Amino acid sequence: MIDMKFPLFLLLIGCCSIAFAQKEKRHLAQVDLNGKYGFIDVSGREVVPLIYDDAGSWGNNLVPVNIGKYSPEYKAPMVVSVDPGLAKDKDAEKHGDQYQDIVIKKAEKGKWGFCNASGVLVIPVQFTNAAFFSEGLAAVEVDGKWGFIDMKGKIAVRPVYDTVGYFSQGMAVVAKDGNYGYINLKGTEVIKLQYVNAEAFEGGYARVSEKYTSAINNKKKYRQVAEFKRRGGH
(Lines give C-alpha, C1' and ligand atoms only; values in the text may rest on other atoms or scores of the structure.)
Protein backbone atom coordinates (compact mmCIF):
# COMPACT_ATOMS: atom_id res chain seq x y z
CA MET A 1 0.00 0.00 0.00
CA ILE A 2 1.29 3.46 -0.93
CA ASP A 3 1.68 5.87 1.98
CA MET A 4 -0.03 9.09 0.82
CA LYS A 5 1.12 11.16 3.78
CA PHE A 6 4.60 11.79 2.41
CA PRO A 7 3.52 12.99 -1.10
CA LEU A 8 0.83 15.16 0.45
CA PHE A 9 3.38 16.67 2.79
CA LEU A 10 5.71 17.49 -0.11
CA LEU A 11 2.80 19.11 -1.94
CA LEU A 12 2.00 21.16 1.15
CA ILE A 13 5.58 22.40 1.44
CA GLY A 14 5.69 23.24 -2.26
CA CYS A 15 2.51 25.28 -2.18
CA CYS A 16 3.19 27.24 0.99
CA SER A 17 5.40 30.26 1.32
CA ILE A 18 8.72 29.34 2.92
CA ALA A 19 9.85 31.47 5.81
CA PHE A 20 13.45 31.47 6.96
CA ALA A 21 14.15 32.12 10.62
CA GLN A 22 17.64 33.58 10.40
CA LYS A 23 19.13 33.12 13.83
CA GLU A 24 18.14 29.50 14.33
CA LYS A 25 18.78 28.56 10.68
CA ARG A 26 15.38 26.92 10.39
CA HIS A 27 13.09 26.70 7.41
CA LEU A 28 9.42 27.11 8.25
CA ALA A 29 6.40 26.85 5.96
CA GLN A 30 3.21 28.82 6.47
CA VAL A 31 0.15 26.59 6.57
CA ASP A 32 -3.55 27.15 7.23
CA LEU A 33 -6.30 24.89 8.46
CA ASN A 34 -9.94 25.90 8.72
CA GLY A 35 -9.02 29.56 8.33
CA LYS A 36 -6.29 29.54 10.98
CA TYR A 37 -2.61 30.14 10.20
CA GLY A 38 0.63 28.84 11.66
CA PHE A 39 4.04 27.46 10.65
CA ILE A 40 5.54 23.99 10.47
CA ASP A 41 9.16 22.84 10.09
CA VAL A 42 10.51 20.43 7.46
CA SER A 43 9.56 17.42 9.58
CA GLY A 44 5.93 18.54 9.63
CA ARG A 45 6.05 19.51 13.28
CA GLU A 46 3.85 22.46 14.20
CA VAL A 47 6.18 25.21 15.45
CA VAL A 48 3.94 28.27 15.41
CA PRO A 49 0.47 27.06 16.45
CA LEU A 50 -2.40 27.32 13.99
CA ILE A 51 -4.35 29.83 16.04
CA TYR A 52 -3.84 33.02 14.05
CA ASP A 53 -6.19 34.69 11.60
CA ASP A 54 -3.36 35.91 9.36
CA ALA A 55 0.43 35.93 9.24
CA GLY A 56 3.11 37.93 7.46
CA SER A 57 6.74 37.41 6.45
CA TRP A 58 9.73 36.54 8.61
CA GLY A 59 12.42 39.07 9.46
CA ASN A 60 15.05 39.10 12.21
CA ASN A 61 13.64 35.78 13.48
CA LEU A 62 10.16 37.27 14.08
CA VAL A 63 6.92 37.08 12.11
CA PRO A 64 3.83 39.32 12.32
CA VAL A 65 0.65 37.45 13.28
CA ASN A 66 -2.95 38.57 13.52
CA ILE A 67 -5.83 37.76 15.84
CA GLY A 68 -9.35 38.87 15.01
CA LYS A 69 -9.06 39.48 11.27
CA TYR A 70 -12.11 38.41 9.30
CA SER A 71 -12.91 38.66 5.59
CA PRO A 72 -16.50 37.67 4.74
CA GLU A 73 -17.04 35.18 1.94
CA TYR A 74 -19.90 36.24 -0.30
CA LYS A 75 -22.20 33.50 -1.51
CA ALA A 76 -24.71 34.41 -4.19
CA PRO A 77 -28.31 33.88 -3.05
CA MET A 78 -30.54 31.46 -4.91
CA VAL A 79 -32.76 33.25 -7.40
CA VAL A 80 -36.02 31.74 -8.61
CA SER A 81 -37.29 33.09 -11.93
CA VAL A 82 -41.06 33.40 -12.13
CA ASP A 83 -43.10 34.87 -14.98
CA PRO A 84 -45.64 37.21 -13.30
CA GLY A 85 -48.09 36.64 -16.11
CA LEU A 86 -48.09 32.88 -15.64
CA ALA A 87 -47.56 32.62 -11.89
CA LYS A 88 -50.39 31.29 -9.78
CA ASP A 89 -50.97 31.61 -6.06
CA LYS A 90 -49.73 28.07 -5.53
CA ASP A 91 -46.51 28.89 -7.40
CA ALA A 92 -45.93 31.86 -5.09
CA GLU A 93 -46.46 29.68 -2.07
CA LYS A 94 -44.16 27.04 -3.49
CA HIS A 95 -41.28 29.42 -4.15
CA GLY A 96 -41.82 31.62 -1.10
CA ASP A 97 -40.07 29.24 1.27
CA GLN A 98 -36.93 29.32 -0.90
CA TYR A 99 -36.20 32.96 -0.08
CA GLN A 100 -34.26 33.81 3.06
CA ASP A 101 -32.63 36.79 4.69
CA ILE A 102 -28.89 37.08 4.07
CA VAL A 103 -26.77 38.14 7.02
CA ILE A 104 -23.18 39.04 6.15
CA LYS A 105 -20.76 39.61 8.99
CA LYS A 106 -18.71 42.75 8.39
CA ALA A 107 -14.97 42.54 7.79
CA GLU A 108 -12.67 42.93 10.77
CA LYS A 109 -9.00 43.97 10.67
CA GLY A 110 -8.07 42.41 14.00
CA LYS A 111 -4.79 43.26 15.72
CA TRP A 112 -1.18 42.36 14.95
CA GLY A 113 1.72 41.20 17.12
CA PHE A 114 4.91 39.19 16.58
CA CYS A 115 5.83 35.56 17.15
CA ASN A 116 9.33 34.06 17.29
CA ALA A 117 10.64 30.89 15.64
CA SER A 118 9.87 28.88 18.77
CA GLY A 119 6.18 29.72 18.48
CA VAL A 120 6.16 32.21 21.34
CA LEU A 121 4.15 35.42 20.96
CA VAL A 122 6.88 37.79 22.12
CA ILE A 123 5.17 41.05 21.12
CA PRO A 124 1.45 41.00 22.06
CA VAL A 125 -1.19 41.69 19.41
CA GLN A 126 -1.93 45.41 19.63
CA PHE A 127 -1.26 47.06 16.25
CA THR A 128 -3.76 47.86 13.49
CA ASN A 129 -1.27 46.62 10.91
CA ALA A 130 2.33 45.45 10.86
CA ALA A 131 5.14 44.58 8.44
CA PHE A 132 8.22 42.38 8.75
CA PHE A 133 11.34 43.22 10.75
CA SER A 134 14.40 44.49 8.91
CA GLU A 135 17.61 45.73 10.51
CA GLY A 136 16.00 45.40 13.92
CA LEU A 137 12.91 47.53 13.25
CA ALA A 138 9.41 46.77 11.95
CA ALA A 139 6.77 49.12 10.58
CA VAL A 140 3.49 49.21 12.53
CA GLU A 141 0.26 51.14 12.17
CA VAL A 142 -1.24 52.89 15.20
CA ASP A 143 -4.40 55.03 14.96
CA GLY A 144 -4.07 55.33 11.19
CA LYS A 145 -0.42 56.39 11.16
CA TRP A 146 2.78 54.40 10.62
CA GLY A 147 5.96 54.23 12.65
CA PHE A 148 8.50 51.60 13.74
CA ILE A 149 9.04 49.37 16.76
CA ASP A 150 12.17 47.59 17.98
CA MET A 151 12.43 43.86 18.63
CA LYS A 152 11.12 44.32 22.17
CA GLY A 153 7.94 45.92 20.88
CA LYS A 154 8.86 49.45 21.98
CA ILE A 155 8.18 52.42 19.72
CA ALA A 156 11.46 53.40 18.03
CA VAL A 157 10.03 55.85 15.47
CA ARG A 158 6.80 57.61 16.39
CA PRO A 159 3.79 56.70 14.19
CA VAL A 160 3.33 59.99 12.33
CA TYR A 161 3.61 58.88 8.68
CA ASP A 162 0.92 58.03 6.11
CA THR A 163 2.98 55.18 4.72
CA VAL A 164 6.45 53.72 5.24
CA GLY A 165 8.79 51.17 3.72
CA TYR A 166 11.33 48.88 5.35
CA PHE A 167 14.88 49.56 6.48
CA SER A 168 17.66 48.80 4.02
CA GLN A 169 21.23 50.02 4.47
CA GLY A 170 20.13 52.00 7.49
CA MET A 171 17.43 53.97 5.66
CA ALA A 172 13.66 53.61 5.24
CA VAL A 173 11.16 55.33 2.96
CA VAL A 174 8.52 57.42 4.75
CA ALA A 175 5.76 59.65 3.41
CA LYS A 176 3.38 62.39 4.52
CA ASP A 177 0.73 64.09 2.39
CA GLY A 178 2.04 62.38 -0.74
CA ASN A 179 5.65 63.50 -0.23
CA TYR A 180 8.33 60.82 0.14
CA GLY A 181 11.72 60.94 1.81
CA TYR A 182 13.97 58.88 4.08
CA ILE A 183 14.68 58.39 7.77
CA ASN A 184 17.60 56.65 9.45
CA LEU A 185 17.48 54.05 12.21
CA LYS A 186 17.18 56.80 14.81
CA GLY A 187 14.06 58.17 13.14
CA THR A 188 15.75 61.31 11.84
CA GLU A 189 14.55 62.56 8.44
CA VAL A 190 17.91 62.57 6.68
CA ILE A 191 16.51 63.10 3.17
CA LYS A 192 13.70 65.65 2.97
CA LEU A 193 10.17 64.48 2.15
CA GLN A 194 10.00 65.95 -1.35
CA TYR A 195 9.42 63.16 -3.89
CA VAL A 196 6.24 61.72 -5.39
CA ASN A 197 7.60 58.20 -4.95
CA ALA A 198 10.67 56.50 -3.50
CA GLU A 199 12.16 53.01 -3.25
CA ALA A 200 14.46 51.25 -0.80
CA PHE A 201 18.23 51.72 -0.91
CA GLU A 202 20.23 49.00 -2.66
CA GLY A 203 23.96 49.08 -3.27
CA GLY A 204 24.19 52.58 -1.85
CA TYR A 205 21.56 54.12 -4.14
CA ALA A 206 17.79 54.62 -4.12
CA ARG A 207 15.43 55.34 -6.99
CA VAL A 208 13.04 58.25 -6.50
CA SER A 209 10.44 59.99 -8.67
CA GLU A 210 9.98 63.75 -8.86
CA LYS A 211 7.40 66.02 -10.44
CA TYR A 212 8.33 68.53 -13.10
CA THR A 213 6.58 70.89 -15.53
CA SER A 214 6.79 69.92 -19.19
CA ALA A 215 8.20 72.65 -21.43
CA ILE A 216 6.01 71.39 -24.28
CA ASN A 217 2.50 71.61 -22.82
CA ASN A 218 3.14 73.08 -19.37
CA LYS A 219 1.62 70.00 -17.70
CA LYS A 220 2.85 68.34 -14.56
CA LYS A 221 4.68 65.10 -15.30
CA TYR A 222 6.86 62.64 -13.42
CA ARG A 223 10.37 61.44 -13.98
CA GLN A 224 12.62 59.03 -12.15
CA VAL A 225 16.03 59.90 -10.84
CA ALA A 226 18.52 57.69 -9.03
CA GLU A 227 20.85 60.37 -7.78
CA PHE A 228 20.89 59.84 -4.03
CA LYS A 229 23.78 57.86 -2.66
CA ARG A 230 23.71 56.85 0.97
CA ARG A 231 26.06 59.22 2.76
CA GLY A 232 28.32 58.00 5.52
CA GLY A 233 26.98 58.40 9.04
CA HIS A 234 23.27 58.11 8.05
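Remarks
- Residue list for the stretch 36-87, filter: touching an Asp or Glu at 6+ places or on another chain (Cβ under 9 Å), at pLDDT below 90 and polar (S, T, N, Q): Ser71
- Taken over the stretch 110-160, the criterion of being surrounded by 23 or more Cβ atoms within 10 Å (Cβ to Cβ) and over 18 Å from Ser57 (Cβ atoms) is satisfied by Val157 alone.
- Near pairs, Cβ below 9 angstrom, 6+ apart or cross-chain, from the stretch 33-47 (farther than 18 Å from Lys69 by Cα) to any residue that is in a strand (DSSP E or B) and among the aromatic types (Phe, Trp, Tyr): Glu46/Phe39; Val47/Phe39
The values are calculated or read from the model by the stated rules, or taken from the named source; none is laboratory data. Treat the numbers as computed from the prediction; the structure is a model and nothing was measured. Note that we place each Cβ from the backbone using ideal geometry, even for glycine, and neighbour counts take in every protein chain shown.
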